[in-house]
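Read-outs: derived from the displayed coordinates by stated rules, not from any lab. Everything numeric here is computed off the predicted structure, so don't read it as measured data. All Cβ positions, even for glycine, are placed from backbone atoms using ideal geometry, and neighbour counts span all protein chains on display.
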Amino acid sequence: MPFAVKSDPCRWDCISLGEIMLRLDPGEGRIHTTRQFTVWEGGGEYNVARGLRRCFGLKTAVVTAFADNPVGRLLEDLILQGGADTSLVRWAKYDGIGRSVRNGLNFTERGFGVRAAVGCSDRGNTAASQMKPGEVDWDSIFGSKNGSRWFHTGGIFAGLSESTAQVAAEAIQVAKQNGTIVSYDLNYRESLWNAIGGKAKAREVNQLLVRNTDVLIGNEEDFSAALGIEPEGVTASFDELPVASYENMLRQVAASYPNLKLVATTLRTARTATQNDWGAIALYEGAVLAVPQRSVEVLDRVGGGDSFASGLIYGLLTGKPAQWALECGVAHGALAMTTPGDTSMVSFAEVERVMKGATVRISR
């Protein structure tokens, strides 16, 4: 049965709320030895909106905040290249050195073989982390004046500060009041929560926000760390992911949060940094849907889960069966991991080819 979304005319198909950072990528090198970086824009919530726009052709917008300086304007330019609407971006006055507000930086190396990927974020005191309830006119955004069929946010934005969790809650409430479907990606990041209460605080915040969402997305670690619901028989290294255990976990999640219409988790077994087993399962209308793990070659794993989310959301937004949406998410995530940067660089035609099991013979 297709997923029910708003049919009324809306200005946007999806709005994402989250922090967008400037990613500095040493390519094949290391952060601590490189002499040059390539820059990208990236953010867990933003990557979903960008994927929906660039790969799937939907109308998307981002709600975030930047310090108004050349770095912030570079981020805006990168977002514009990705096609997402920037009219909802908030600009904070810059003090000249970043004493009161700044833009976040994310240094990320891809890893290779036995050398794991490494992320080193520099995001304290950013404009997005200082967003507060009442600053964004959500009634105008989600109401009849504009409207959005879907709203996406997640645990990264909620973990930036006490106030960003409140902003997320405020946005979710107004979206729901206006009939907008809400998705939430748990996206647990230990570095975000360590200094403010660890897993206990993460669970407190995420449990509150999940109670008002429709679609919940996570990975092999998120449900345990962010919600306290653990799959049985899974090792700390996640080197084996028994599907039956994840099916039971999804049913526990659904029982604890009866508001959820669909719960999905990616399944990633990292054999090496460049060879992963990749798949997903979901629970929808009481039935478990699955895309079995298959071996995929990885150039840059960062953003693979976000691209999974955008493919899944695209399928649900366009009235496709939930199984098709899950397969679309897995294919889009796998393809996104074949290119550098956080965001998808692939076309919908390429996603469809992978979904159909096409060969990788040269296309010319």
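Structure summary
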item	result
Of the DSSP H helices in the chain, those whose Cα atoms cover at least 27 Å axially and whose Kyte score averages 1.6 or more	none
Mean ellipticity per residue at 222 nm, deg cm²/dmol - from DSSP H runs of n ≥ 4 across the chain, formula -39500 (n - 2.57)	-9500 deg cm²/dmol
Cα gyration tensor, segment 49-120 - rounded (a/c under 1.5), prolate or oblate	oblate
In segment 253-353, GluC sites (Glu not before Pro) in a DSSP loop with at most 12 other beta-carbon atoms within 10 Å	Glu285
Under 20 Å from the Cα of Lys59 - lysines, other chains or at least 8 residues apart	Lys6, Lys145, Lys176, Lys320
Centroid-to-centroid separation of segment 1-47 and segment 108-176 [C-alpha atoms, Å]	11
For segment 7-12, 3J(HN,Hα) per residue [Karplus equation, 6.51 cos²θ - 1.76 cosθ + 1.60, θ = phi - 60°, Hz, x = Gly/Pro]	9, 5, x, 9, 5, 10
Sparse-neighbourhood loop sites, trypsin sites (Lys or Arg not before Pro) in segment 1-36 - DSSP loop, at most 16 other Cβ within 10 angstrom	Lys6, Arg11, Arg30, Arg35
Equivalent ellipsoid, segment 1-157 (semi-axes from 5 times Cα gyration tensor eigenvalues, Å)	30, 21, 13
Unit charges on C-beta of K, R, D, E only; dipole of segment 185-321, Debye	280
